[in-house]
Amino acid sequence: MPPRTLLQADDVRRAIMRMAHELLETAPDGARFLVLGIPTRGAVLAARLAAAMSQVAGEPVAVGTLDVTLYRDDLGSQPTRPTGRTDVPADVDGATVVLVDDVLFSGRTVRAALDALTALGRPAVVRLAVLVDRGHRELPIRPDSVGRNLPSAKTERIRVRLVEVDGEDGVTIE
């Protein structure tokens with residue numbers, strides 16, 4: 001069965017802008033944002049989200065990447081993947097940190113991201129933003145901002161494509 005398109009480029013763009021507004025509206029006055037993406041596509045989305053937040057807020061929002069490879073709980077059962085780069089351009093302590101990923105599934109990647117983040121400092125608050133929430137959580141993790149809820153069967157695969165990585169924007173299910 002061929003992949004079915006769930007989101008097109010305009011849908012992705014609108015979702016990111018809406019998420020930027022949601023995150024800014026729920027922040028305390030004077031919040032210092034630090035947007036951290038989980039590689040690979042989460043890092044791309046984080047850059048886009050931070051740019052949208054900067055545009056709406058009228059001031060720059062710091063953006064970086066947070067590699068979670070060494071904090072994963074499935075290292076023994078999965079093929080070893082190379083560690084990526086963590087790039088945190090601002091102090092984590094006291095910041096409103098927004099963790100960004102492309103798809104939220106079991107919640108285990110987010111748990112690893114929380115562990116990696118606490119190794120760097122103590123944020124004032126941590127928010128989670130995902131482009132797609134497909135359900136099937138194994139841990140009590142819930143996103144604060146979601147581009148689109150896309151319930152799916154565990155056997156289906158959600159693919160996020162971003163122009164910076166894949167040459168086009170969109171979300172498909174197979």
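The values are calculated or read from the model by the stated rules, or taken from the named source; none is laboratory data. Since the model is a prediction, treat every value here as computed from it, not as a measurement. Reconstructed Cβ throughout: ideal geometry from the backbone, glycine too, with neighbour counts over all protein chains shown. Protein only, heavy atoms only, side chains kept; ligands, DNA and RNA dropped before computing areas. Shrake-Rupley method; radii C 1.70, N 1.55, O 1.52, S 1.80 Å.
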Lone unmet requirement of (1) in a strand (DSSP E or B); (2) on the phi > 0 side of the Ramachandran plot for Gly94 = (1)
Might you let me know whether the stretch 146-159 holds any residue that is surrounded by fewer than 21 Cβ atoms within 10 Å (Cβ to Cβ) and touching a Pro at 6+ places or on another chain (Cβ under 6 Å)?
-> no
On the given criteria, is Pro143 in a loop (DSSP other than H, G, I, E, B) and open to solvent by 40 Å² or more (accessible area, probe 1.4 Å)?
-> no
For the stretch 122-174, what are the residues that are out of contact with any strand residue (DSSP E or B) (no Cβ under 9 Å at 6 or more places or on another chain) and under 18 Å from Gly37 (Cα atoms)?
-> Arg122, Val163, Glu164, Val165
Glu164 being open to solvent by 70 Å² or more (accessible area, probe 1.4 Å), touching a residue at least 24 places away in the same chain (Cβ under 8 Å) and not in a loop (DSSP other than H, G, I, E, B) | yes
Criterion (over 16 Å from the mean Cα position of the chain (by Cα) and within 24 Å of Gly64 (Cβ to Cβ)) met by exactly one of Leu99, Leu120, Leu131 = Leu120
Which listed residue, of Ala129, Ala124, Ala112, is in contact (Cβ under 8 Å) with a residue 24 or more places away in the chain, more than 19 Å from Met19 (Cβ to Cβ) and surrounded by 21 or more Cβ atoms within 10 Å (Cβ to Cβ) | Ala112
Taking the stretch 1-41 and the residues there that are under 18 Å from Ala90 (Cα atoms) and open to solvent by 60 Å² or more (accessible area, probe 1.4 Å), the one that is nearest to the chain's Cα centre (by Cα) would be Arg32
Name every residue in the stretch 42-71 that is out of contact with any strand residue (DSSP E or B) (no Cβ under 8 Å at 6 or more places or on another chain), assigned to a loop (DSSP other than H, G, I, E, B) and surrounded by 18 or more Cβ atoms within 10 Å (Cβ to Cβ), in order of residue number.
-> Asp67, Val68
